[in-house]
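Quick note: the coordinates plus some simple rules give every number you see, no bench work behind them. These numbers were taken from a predicted model, which means no experiment stands behind them. Because the Cβ atoms are built from the backbone with ideal geometry, glycine has one as well, and the counts that use them run over all protein chains shown.
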Ligand code: FES
């Protein structure tokens, strides 16, 4: 069920340069299912900025009814959101989207989780849920530079973790695809979230590995009504296009034209 709820801020802090971790509490958490789903946040009560912002879910705690999300403050909307204080309320619509399938790997199997920048957060709940059922995740997390790296220790606690930065200021230098060769042989499934160029490069690099890609499209309504997030599909599927918000944001590799 999709709800709209004014959820209360429990915690909110900057965890890397312009990267914020926000924890909210409310009934909407009951309806969160698969990791990789997202919420649509209305950042202020005034009409400006009008549009909601899609933000992926980083972790879910059903017992406390809290969930956490991590976002980058870059435009006007997310900069306003970054000023929300504990106790304040935030207008949330969600949970939205399908999320990552959890039944694609079994106990004892290794899987690859690959994230780029602000595509890293949804992989955290995914990794926790896979670990819960005995799957062994290997994380490859790519960032621009050391000052925007976050959750390195949190991912290390769940499994093998490789940090990659474009400028080489932390971990391996380059792109996530640069470290794939030595690791990918052991796995039969990969999950990825990040910029479209990264998803395309992964698809090319891992043609024989089962993959699930989460797309970061610009969104309008988030509910499948406005067509702002439409993507063309490949010949592998019968439909001509998909809507990232309601058909995705996660699609099997090879479905969306990159
Ligand atoms: Fe409106 Fe997807 S954002 S249809």
* To do: Take the alpha carbon atoms of the stretch 149-206, find their radius of gyration, then divide it by 2.2 N^0.38 Å using N residues; give the quotient.
  => 1.15
* Using a Gaussian network for the chain with springs between C-alpha atoms less than 10 Å apart, which of these wobbles most: 236, 197, 105? -> 236
* Asked: What FRET efficiency comes out for the pair residue 145/residue 44, r = Cβ-Cβ distance, R0 = 41 Å, nearest 0.05?
  -> 0.85
* **the chain: most fluctuating residue of 246, 59, 214 per GNM, C-alpha cutoff 10 Å** => 246
* Structure fact -> So residue 65 and residue 14, fully extended at 0.36 nm per residue minus their Cα-Cα distance, gain in nm 16.2 nm
* To do: Starting from the Cα of residue 246, step 7 Å along the direction of its Cβ; do the same at residue 156; then give the gap between the two resulting points in nm.
  => 4.4
* Once the principal axes of the Cα atoms of the stretch 31-168 are found, what is the range along each, listed largest first in whole angstroms? -> 50, 39, 24
* To do: With springs connecting C-alpha atoms under 10 Å apart, model the chain as a Gaussian network and identify which of 34, 98, 18 has the largest mean-square fluctuation.
  => 18
* **the stretch 1-128 - percent relative contact order, Cα under 8 Å, separation 6 or more** => 34
* Structure fact -> Kirkwood radius from Cα pairs of the stretch 1-40 plugged into Stokes-Einstein at 10 °C, 1.306 mPa s, gives D in µm²/s equal to 135
* In whole angstrom, note down how far apart the Cα centers of the stretch 120-158 and the stretch 1-80 are. => 19
* What is the diffusion coefficient of the stretch 1-92 in µm²/s, taking the Kirkwood radius over Cα pairs and the Stokes-Einstein relation at 20 °C with a viscosity of 1.002 mPa s? -> 163
* Over the chain, what is the relative contact order in whole percent, taking alpha-carbon pairs under 8 Å and six or more residues apart? -> 17
* **Taking the stretch 178-223 and dividing mean pair separation by its residue count, relative contact order in percent (alpha carbons under 8 Å, at least six apart)** => 42
* What translational diffusion coefficient, in µm²/s and rounded to a whole number, does the Stokes-Einstein relation yield for the stretch 190-229 at 37 °C and a viscosity of 0.692 mPa s, taking the hydrodynamic radius as the Kirkwood radius over Cα pairs? -> 288
* Structure fact -> Percent antiparallel among DSSP beta bridges confined to the chain, rounded to 5, stands at 60
* Gyration tensor (Cα) of the chain, equivalent ellipsoid semi-axes in angstrom -> 28, 21, 18
* Asked: Gain in length, residue 181 to residue 2, computed as 0.36 nm per residue apart minus the alpha-carbon separation, to one decimal in nm?
  -> 60.4 nm
* Theoretical ellipticity at 222 nm over the chain - DSSP helices of four or more residues, -39500 (n - 2.57) apiece, nearest 500 -> -4000 deg cm²/dmol
